[in-house]
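Here is the structure we will look at, set down as structure tokens.
The values are calculated or read from the model by the stated rules, or taken from the named source; none is laboratory data. Since we're looking at a predicted model, the values are computed, not measured. Here the Cβ positions follow ideal geometry from the backbone for every residue, glycine too, while neighbour counts run over all protein chains shown.
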Amino acid sequence: MANLFQAICSKRNFGVGQKVTRGIWKRFETAEASSYVEITRVAPSQDLKHGKAYGIKVFRGVSEGKERRVDGVLKRDWAVVA
């Protein structure tokens, strides 16, 4: 597992447009309702290990509908949704 920036910074455009999820959210998922954040913009630091990320959060299949700053970006349980 990796923090959010380690998971997305190797992707094109720093992961903008990618869907990412946290390991802890998996316990809330069902077959029809998943939880993820669709990254809309990223402002990484120069070392690519810190920074700010913004996205639209979908939790249990319900979208918040607006861009927000992503919480917990330094937690080490982020993964890109395939």
### Task
Give the range 16-33 a look and list any residue that's at pLDDT below 90 and not basic (Lys, Arg), or say none.
Trp25, Phe28, Glu29, Thr30, Ala31, Glu32, Ala33
### Where a residue in the range 29-46 is under 16 Å from Asn3 (Cβ atoms) and among the polar types (S, T, N, Q) and its partner, wherever it lies, is part of a strand (DSSP E or B) and at pLDDT below 95, with Cβ under 7 Å and at least six apart
Ser45/Gly51
### Query
What number of residues within the range 40-50 satisfy the criterion of being out of contact with any Cys (no Cβ under 6 Å at 6 or more places or on another chain), farther than 18 Å from Lys19 by Cα and not acidic (Asp, Glu)?
4
### Task
Could you please let me know if Gly72 is crowded, with 16+ Cβ neighbours inside 10 Å and either under 11 Å from the mean Cα position of the chain (by Cα) or of a type in the set (Ser, Thr, Tyr) (or both)?
no
#### Entry: Subset of the range 1-10 (residues that are outside any strand (DSSP E or B) and either at pLDDT below 90 or exposed (fewer than 14 other Cβ atoms within 10 Å of the Cβ) (or both))
Met1, Cys9, Ser10
### Task
Might you check whether a residue that is free of Cβ contacts under 8 Å to residues at least 24 places away in the same chain, small (Gly, Ala, Ser) and farther than 15 Å from Lys57 by Cα occurs anywhere in the range 5-15?
yes
#### Entry: Test: residue in the range 62-76 that is polar (S, T, N, Q), part of a strand (DSSP E or B) and closer than 17 Å to Arg22 by Cβ
yes
### Message
Can you report the number of residues in the range 22-61 which are in a strand (DSSP E or B) and surrounded by 12 or more Cβ atoms within 10 Å (Cβ to Cβ)?
### Response
18
### Message
Testing Ser63 on (1) touching a residue at least 12 places away in the same chain (Cβ under 8 Å); (2) touching a strand residue (DSSP E or B) at 6+ places or on another chain (Cβ under 7 Å); (3) not aromatic (Phe, Trp, Tyr), one condition comes back false. Which one is that?
### Response
(1)
